[in-house]
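Undergrad: Got a structure here, written out as structure tokens. Questions coming.
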Amino acid sequence: MRLRSPWTPHLPAGDTPAAERLADALAGDILGARLNAGDRLPAHRDLAWRLGIGIGSVTRAYGMLERRGLVRSVRGRGTFVASHPGGNGCVIDLSANMPPPMFGDRALARTLSRLARTVDPALFNVYPPVAGHIEHRRIMSHWLAELGVDIAPDGLLLASGAQQALGVALAASRQVARTVLTEDLTYPGMLSLLRQAGLPPQGLAMDACGVLPTALEHALRRNGHGQCVLYVTPTMHNPTTATMDLARRQDVVRLCRAHDALIIEDDVYHCVADDTLPALVTLAPERTFHVSSLSKTLSPGLRIGTLAPPAPFMAAACEALLNSSLMIAPLSYALMAQWMLDGTAVSVRRALRTEARRRRELVLHRLGPYVTPPRHDAFHAWMPMPQEQALRLEAEAARHNVKVTPLAPFMTSQHPSGHAGIRLCLGPAPLPDLTEALCRLRALCGEQGKSVT
């Protein structure tokens with residue numbers, strides 16, 4: 001199918017190179033189903049003339065899209081849209097917290113073809129070191145440094161996703177800390193780990209900046225000096241999107257130091273933060289277990305997480321990692337290295353940020369009075385409301401073929417102190433489906449007469 005010649009993508013203004021802006025704009029049209037598989041993109045020279053940019057910028061933009069598998073070039077014929085994600089059927093799922101698909105089948109096939117020629121057979125023929133191969137730890141150390149988190153390679157452990165890294169951090173911290181403090185609503189994966197360990201969490205009141213210092217100080221005093229570990233998500237908290245500002249981060253660190261408490265920092269969303277917000281591990285490396293993951297920054301299928309424990313806990317963390325009996329698949333190691341070395345990872349990370357911004361603006365436009373405006377661009381949003389109302393809205397949404405995340409998995413107790421609501425996951429659904437789901441939710445909210453609390 002040939003695109004009509006008047007079609008021209010919108011090139012947003014900005015300080016980034018024209019090639020990157022054009023690639024982001026075209027990717028948005030493809031992922032948003034405004035371009036169909038098989039559509040031919042304009043010729044390089046023609047598009048460059050229409051947009052007033054250099055032909056080299058168009059060539060680089062098309063190359064970025066081809067590396068992601070969104071377009072394919074055919075010698076002598078032009079560049080065509082390869083594929084875009086299809087719909088999810090009659091039920092629109094807003095319950096799975098992951099980024100939208102960024103890799104097409106051609107991109108994956110091209111990567112696997114390269115690996116077939118270059119991969120080290122030793123990855124598949126021997127067990128990896130407990131902490132991960134040092135070359136892969138160096139790659140991850142560089143990746144984190146680009147996000148503003150400086151951790152030396154020998155201070156990193158590689159795990160099979162953030163969930164395993166959190167379990168290892170919890171096991172290592174239990175050497176000295178017997179009580180786990182966390183936000184009143186928190187990540188269900190950690191709550192599951194706590195149940196398995198027989199450790200009931202103590203929920204702490206929070207506001208738009210995360211855990212309240214007064215609540216944290218009271219809990220630390222009540223539980224005794226050196227007895228607590230605090231589990232927090234300081235950036236784009238899951239589910240409420242609360243983000244600690246600098247003052248709150250400093251308060252949390254100050255209180256934990258004063259009471260000799262450890263910190264488990266779930267930092268999987270740090271990639272969306274600005275550089276003025278330091279990770280807690282930067283402020284208190286002597287007591288912070290820092291956890292990150294590639295699932296939220298590259299691809300959900302790339303199950304590689306990182307754990308940076310405080311130096312005195314490195315041996316215990318290695319032992320816990322070994323005892324967990326899970327190791328990263330060798331192919332995942334190889335894919336990670338290839339994408340980071342050939343520039344694909346950086347391109348996808350930038351594209352995800354652009355797509356997150358687009359979806360954040362969409363949810364604010366469609367549900368503005370009903371959502372808490374997220375401080376950063378990520379792929380979940382929060383609709384605060386009383387607990388009973390959240391349960392009713394969840395049921396009504398299901399009857400209108402929109403699946404949202406139930407409140408119960410996030411609750412540290414049966415009666416959250418002040419925080420309840422509905423989490424919306426903005427990543428997996430194609431933009432037309434997401435728009436439709438948000439319109440249905442807006443109508444339901446209007447019927448209930450609900451506004452943001």
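Undergrad: What is the residue count in segment 177-192 for residues that are within 20 Å of the chain's Cα centre (by Cα) and not hydroxyl-bearing (Ser, Thr, Tyr)?
TA: 6
Undergrad: Hey, can you tell me all the residues within segment 194-218 that are open to solvent by 40 Å² or more (accessible area, probe 1.4 Å), more than 12 Å from Val180 (Cα to Cα) and either assigned to a strand (DSSP E or B) or of a type in the set (A, V, I, L, M) (or both)?
TA: Those that are open to solvent by 40 Å² or more (accessible area, probe 1.4 Å), more than 12 Å from Val180 (Cα to Cα) and either assigned to a strand (DSSP E or B) or of a type in the set (A, V, I, L, M) (or both): Asp207, Ala208, Leu212.
Undergrad: I've got another one for you. Could you grab me the full set of residues in segment 406-434 that are crowded, with 21+ Cβ neighbours inside 10 Å and among the hydroxyl-bearing types (Ser, Thr, Tyr)?
TA: Within segment 406-434, Thr412 is the sole residue that qualifies.
Undergrad: Evaluate segment 86-99: report whether one residue or more is open to solvent by less than 30 Å² (accessible area, probe 1.4 Å), closer than 30 Å to Tyr187 by Cα, touching a Gly at 6+ places or on another chain (Cβ under 6 Å) and at pLDDT 80 or above.
TA: Yes.
Undergrad: Just checking, does segment 300-317 include any residue being open to solvent by less than 10 Å² (accessible area, probe 1.4 Å), assigned to a helix (DSSP H, G or I) and not hydrophobic (A, V, I, L, M, F, W, C)?
TA: If we filter segment 300-317 for residues that are open to solvent by less than 10 Å² (accessible area, probe 1.4 Å), which is where we start, we get 302, 304-308, 310, 317.
Adding the requirement that they be assigned to a helix (DSSP H, G or I) leaves 317.
From what's left, not hydrophobic (A, V, I, L, M, F, W, C): none.
Within segment 300-317 (the criterion being open to solvent by less than 10 Å² (accessible area, probe 1.4 Å), assigned to a helix (DSSP H, G or I) and not hydrophobic (A, V, I, L, M, F, W, C)), the answer is no, since none of the residues qualifies.
Undergrad: Right, another one. All but one of (1) modelled with pLDDT under 95; (2) surrounded by fewer than 24 Cβ atoms within 10 Å (Cβ to Cβ); (3) under 26 Å from Ser324 (Cβ atoms) hold for Ala159, so report the exception by its number.
TA: With respect to (1) modelled with pLDDT under 95; (2) surrounded by fewer than 24 Cβ atoms within 10 Å (Cβ to Cβ); (3) under 26 Å from Ser324 (Cβ atoms), Ala159 is out only on (2).
Undergrad: Looking for whichever is of a type in the set (D, E, K, R), open to solvent by 10 Å² or more (accessible area, probe 1.4 Å) and touching a Leu at 6+ places or on another chain (Cβ under 7 Å) here; the options are Arg221, Arg287, Arg254, Arg248. Which one fits?
TA: Going through Arg221, Arg287, Arg254, Arg248 in turn, just one is of a type in the set (D, E, K, R), open to solvent by 10 Å² or more (accessible area, probe 1.4 Å) and touching a Leu at 6+ places or on another chain (Cβ under 7 Å): Arg287.
Undergrad: Then there's this: Step by step: first the residues of segment 373-405, then only those that are in contact with a Cys (Cβ under 8 Å, 6 or more places away or on another chain) and assigned to a loop (DSSP other than H, G, I, E, B), then the one that is surrounded by the fewest Cβ atoms within 10 Å (Cβ to Cβ). Which residue is that?
TA: So the residue we want is Asn401.
Undergrad: Against the definition (touching a residue at least 24 places away in the same chain (Cβ under 8 Å), part of a loop (DSSP other than H, G, I, E, B) and either open to solvent by less than 20 Å² (accessible area, probe 1.4 Å) or under 17 Å from Pro312 (Cα atoms) (or both)), how does Val168 come out, yes or no? Walk me through it before giving the result.
TA: Values: touching a residue at least 24 places away in the same chain (Cβ under 8 Å): yes; part of a loop (DSSP other than H, G, I, E, B): no; either open to solvent by less than 20 Å² (accessible area, probe 1.4 Å) or under 17 Å from Pro312 (Cα atoms) (or both): yes.
So Val168 does not fit the description; no.
Undergrad: State whether one or more residues within segment 138-148 are more than 22 Å from the chain's Cα centre (by Cα) and among the basic types (Lys, Arg).
TA: First, the residues of segment 138-148 that are more than 22 Å from the chain's Cα centre (by Cα): none.
Taking every residue of segment 138-148 in turn, none turns out to be more than 22 Å from the chain's Cα centre (by Cα) and among the basic types (Lys, Arg).
Undergrad: What are the residues in segment 270-311 that are among the polar types (S, T, N, Q), more than 14 Å from Ala169 (Cβ to Cβ) and modelled with pLDDT of 95 or more, if any?
TA: Answer for segment 270-311, where residues must be among the polar types (S, T, N, Q), more than 14 Å from Ala169 (Cβ to Cβ) and modelled with pLDDT of 95 or more: just Thr282.
Each row is one residue, and each column tells you yes or no for (1) open to solvent by 40 Å² or more (accessible area, probe 1.4 Å); (2) assigned to a helix (DSSP H, G or I); (3) closer than 16 Å to Leu331 by Cα.
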{"position": "Ala116", "(1), (2), (3)": "yes, yes, yes"}
{"position": "Ala131", "(1), (2), (3)": "no, no, no"}
{"position": "Ile139", "(1), (2), (3)": "no, yes, yes"}
{"position": "Asp154", "(1), (2), (3)": "yes, yes, no"}
{"position": "Gln163", "(1), (2), (3)": "yes, yes, no"}
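Undergrad: Also: What are the residues in segment 100-134 that are under 25 Å from Ala162 (Cα atoms), out of contact with any Pro (no Cβ under 9 Å at 6 or more places or on another chain) and either of a type in the set (D, E, K, R) or modelled with pLDDT of 85 or more (or both), if any?
TA: Pro129, Val130, Ala131, Gly132, His133
Undergrad: Looking at segment 321-353, which of the residues that are open to solvent by 60 Å² or more (accessible area, probe 1.4 Å) and not hydrophobic (A, V, I, L, M, F, W, C) is modelled with the highest pLDDT?
TA: Among those that are open to solvent by 60 Å² or more (accessible area, probe 1.4 Å) and not hydrophobic (A, V, I, L, M, F, W, C), it is Asn323.
Undergrad: Can you tell me which residue in segment 60-74 is farthest from the chain's Cα centre (by Cα), limited to those that are open to solvent by 60 Å² or more (accessible area, probe 1.4 Å) and closer than 22 Å to Leu341 by Cβ?
TA: Across segment 60-74, the extreme among qualifying residues is Arg60.
Undergrad: Let me ask another. Of everything in segment 21-53, what is open to solvent by less than 40 Å² (accessible area, probe 1.4 Å), without any contact (Cβ under 8 Å) to a residue 60 or more places away in the chain, in a loop (DSSP other than H, G, I, E, B) and not acidic (Asp, Glu)? Give them in sequence order.
TA: Leu35, Gly38, Leu41, Pro42, Ile53 - these are the residues of segment 21-53 that are open to solvent by less than 40 Å² (accessible area, probe 1.4 Å), without any contact (Cβ under 8 Å) to a residue 60 or more places away in the chain, in a loop (DSSP other than H, G, I, E, B) and not acidic (Asp, Glu).
Undergrad: Name the pairs whose Cβ atoms lie under 7 Å apart, with the first residue in segment 281-306 and within 19 Å of Ala337 (Cα to Cα) and of a type in the set (Asp, Glu), the second modelled with pLDDT under 90 and not in a loop (DSSP other than H, G, I, E, B), and 6 or more positions between them or separate chains?
TA: Partner pairs satisfying both residue conditions: none exist.
Undergrad: Within segment 75-84, track down each residue that is open to solvent by less than 30 Å² (accessible area, probe 1.4 Å) and either part of a helix (DSSP H, G or I) or within 17 Å of Val348 (Cβ to Cβ) (or both).
TA: Ala82 - this is the single residue of segment 75-84 that is open to solvent by less than 30 Å² (accessible area, probe 1.4 Å) and either part of a helix (DSSP H, G or I) or within 17 Å of Val348 (Cβ to Cβ) (or both).
The values are calculated or read from the model by the stated rules, or taken from the named source; none is laboratory data. Small disclaimer: the values here were computed from a predicted structure and weren't measured. Positions of Cβ are generated from backbone atoms using ideal geometry, with glycine treated the same way; all protein chains shown enter the neighbour counts. Calculation scope for accessible area: heavy atoms of the full protein, side chains included, ligands and nucleic acids excluded. Shrake-Rupley method; radii C 1.70, N 1.55, O 1.52, S 1.80 Å.
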